[in-house]
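Written below as structure tokens is the structure these notes are about.
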Amino acid sequence: MSVGCAPLVCLSLVTSASAFDLPITTIDRPGYTFTVGSRAWISQGRSAHNIAGLNGQPDVASELTYNGLNSAITQVSADLVVRQIPVVNRLVASVTGGYGGIGSGTLLDQDWAGNDRTRQLSETLSHVTDGHVAYVSLDVGWRPLEWRFMENPLPGGLDLLLGYQWWQEKYDTTGVSSGGVVINSRPAISQTNTWNSFRLGARTTIPVHSYVALRGHAFLIPWSHYESEDIHYQRTTLAKDPSFLTIATGGLGVQLEGSLLLRLWRGLTAEAGYAYWDIRSGSGTVEAFAATGGSVVVPFNQENQRRQGVFFGVNYSF
């Protein structure tokens, strides 16, 4: 003899049993995301090196201004996001390195005897014929926000970062002209600027489609250590190893970039964007070395170095 039940009672029993039997669907969040990338940064740079006179008089005695410092920089990067570790969830770490040659640009060398750039003593022009740009940065931080959008392999997120950067630029110039008249075509000045900086900031990735995402970086450089070595080949009264040594600390800088990413295949994306770097040193000292030995120290006002331009790259996320 079979035992029956009312339809509503049977439906209630089936529904209750199914609630325990059916699997719970969750969003797949891998324990980590590892991204490697390469880009070409088509950049143009500028540098202004500002020196005071002995005992600060005049307030600007000499200024070396470099313009048109074009460089096609090859950059490689690696980025890791770890989500399943004790205490700190979504730890972020990234390392970036770049290098490019410099083969163009001009140097305007100006000297004054009076304050506020008055009583000009000389003004010459030289051409940048060689040099390089090189940098390495290491950043670590935390991702407080993260989300997924459709099947885009890039997770959306906001990262808060603290890092260190080494950045060097070298300019080799040739020839000297004044008032449009060529004086000579010999090596003129070689200048090497080296920055060791702390930086802090944020970056974000915003998927807007299964195949499209936006990315932005914003870093503040609150402190840096700046060193510059100048060799003045045509000044016989100066040593050549180097002629001048500049040291300064403090300063302020910003590094900004924005880009558009297009998904090509699985975790492979193409990227196009624009980057702008601007850093200013604090004040310091310039030591001038005489060819016969000995040196003289004068105040250093500021170095302002900039680099900006478009970039194109590819990235792959595992």
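The values are calculated or read from the model by the stated rules, or taken from the named source; none is laboratory data. Nothing here was measured: the structure is a model prediction, and the numbers come from that model. Positions of Cβ are generated from backbone atoms using ideal geometry, with glycine treated the same way; all protein chains shown enter the neighbour counts.
Structure notes:
- Members of region 54-73 found to be part of a strand (DSSP E or B), more than 12 Å from Ala113 (Cβ to Cβ) and of a type in the set (S, T, N, Q), listed by number: Thr65, Asn67, Asn70, Ser71
- Of the residues making up region 259-268, those that are assigned to a strand (DSSP E or B) and either of a type in the set (A, V, I, L, M) or exposed (fewer than 14 other Cβ atoms within 10 Å of the Cβ) (or both) are Leu260, Leu261, Leu262, Leu264, Trp265, Leu268.
- Residue within region 65-81 that is under 29 Å from the mean Cα position of the chain (by Cα) and aromatic (Phe, Trp, Tyr) present: yes
- Test: Pro58 is at pLDDT 95 or above and more than 26 Å from the chain's Cα centre (by Cα): yes
- Residues (basic (Lys, Arg) and either touching a Leu at 6+ places or on another chain (Cβ under 6 Å) or surrounded by 16 or more Cβ atoms within 10 Å (Cβ to Cβ) (or both)) located in region 100-118: none
- Consider region 273-318 and keep the residues that are within 22 Å of Ile42 (Cβ to Cβ) and of a type in the set (A, V, I, L, M, F, W, C). The one that is surrounded by the most Cβ atoms within 10 Å (Cβ to Cβ) is Ile279.
- Of all residues in region 152-169, those that are farther than 19 Å from Asp278 by Cβ and under 22 Å from the mean Cα position of the chain (by Cα) total 5.
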